[in-house]
Amino acid sequence: MSGKKGFVLCVCQGTCPSFTKMDIFGVLADVRREKCFDYVCLHPQLCVGDGEEFLKVFLSGGATEKLYIAACDPQMQCKMYRDTFEAVGFDKSKHIALDIRNKTTEEAVAAIREMAANNP
Ligand code: SF4
């Protein structure tokens, strides 16, 4: 059985000015409809304790082979999630990070679509 491609949208609690131009649920609905990934989900704040716990719990089963995260700066994402990935044995090279701050719904969906196409 091949591993799943999972997508997480993280939005700084939805209150950060960087995410006010997009319709968060509209982005998720479009990405889901296009079947870019095996599953999609939303998390309000991945980079705090319970966000790390969320990643640990849902990666620990090993079903997810690639994890695409649309959120803030990719380098920041790599640093913030590194310990969590190590804790569950998730290969950090399978984390595909995308910065979608300050994008409209259409711009965010286009960027996510491109990320998926460029990292099959
Ligand atoms: S991971 Fe990035 S986008 Fe998500 S809450 Fe933290 S700073 Fe915001």
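The values are calculated or read from the model by the stated rules, or taken from the named source; none is laboratory data. Fair warning: this is a prediction, and the values are worked out from it, not measured in the lab. Cβ coordinates were reconstructed from backbone atoms using ideal geometry, including for glycine residues, and neighbour counts include every protein chain displayed.
Exactly one of these conditions fails for PHE37: (1) farther than 21 Å from SER2 by Cβ; (2) under 15 Å from the mean Cα position of the chain (by Cα). Give me its number.
(1)
For the range 13-24, give me each residue that is without any contact (Cβ under 8 Å) to a residue 40 or more places away in the chain and surrounded by 19 or more Cβ atoms within 10 Å (Cβ to Cβ).
none
If only one of LYS66, LYS94, LYS79 is among the basic types (Lys, Arg) and in contact with a helix residue (DSSP H, G or I) (Cβ under 6 Å, 6 or more places away or on another chain), which one is it? Don't jump to the end; show me each part of the working.
On the way: LYS94 fails: in contact with a helix residue (DSSP H, G or I) (Cβ under 6 Å, 6 or more places away or on another chain); LYS79 fails: in contact with a helix residue (DSSP H, G or I) (Cβ under 6 Å, 6 or more places away or on another chain).
Answer to the selection: LYS66.
Specify the residue that is nearest to ASP99 (Cα to Cα); the eligible residues are those in the range 8-49 that are away from the ligand (no atom under 12 Å from the Cβ) and of a type in the set (Ser, Thr, Tyr).
Once the filter is applied, the top-ranked residue is THR20.
Filter the range 59-72 down to the residues that are more than 10 Å from the ligand (Cβ to nearest atom), under 23 Å from ARG113 (Cβ atoms) and crowded, with 17+ Cβ neighbours inside 10 Å and list them by number.
Step one: list which residues in the range 59-72 are more than 10 Å from the ligand (Cβ to nearest atom), which gives 59-68.
Still in the running and under 23 Å from ARG113 (Cβ atoms): 64-68.
If the condition is that a residue be more than 10 Å from the ligand (Cβ to nearest atom), under 23 Å from ARG113 (Cβ atoms) and crowded, with 17+ Cβ neighbours inside 10 Å, then THR64, LYS66, LEU67, TYR68 are the ones that fit.
Does the range 99-108 contain any residue that is in contact (Cβ under 8 Å) with a residue 24 or more places away in the chain, among the β-branched types (Val, Ile, Thr), assigned to a helix (DSSP H, G or I) and out of contact with any Lys or Arg (no Cβ under 6 Å at 6 or more places or on another chain)?
Yes: the range 99-108 contains one or more residues that are in contact (Cβ under 8 Å) with a residue 24 or more places away in the chain, among the β-branched types (Val, Ile, Thr), assigned to a helix (DSSP H, G or I) and out of contact with any Lys or Arg (no Cβ under 6 Å at 6 or more places or on another chain).
Which number in (1) assigned to a helix (DSSP H, G or I); (2) under 15 Å from PHE7 (Cβ atoms); (3) modelled with pLDDT of 95 or more marks the one condition that GLN75 misses?
(2)
Give CYS47, CYS10, CYS36, CYS41 a once-over and let me know the one that is in contact (Cβ under 8 Å) with a residue 12 or more places away in the chain, farther than 23 Å from PRO120 by Cβ and surrounded by 14 or more Cβ atoms within 10 Å (Cβ to Cβ). Don't jump to the end; show me each part of the working.
Values: CYS10 fails: farther than 23 Å from PRO120 by Cβ; CYS36 fails: farther than 23 Å from PRO120 by Cβ; CYS41 fails: farther than 23 Å from PRO120 by Cβ.
The conditions single out CYS47.
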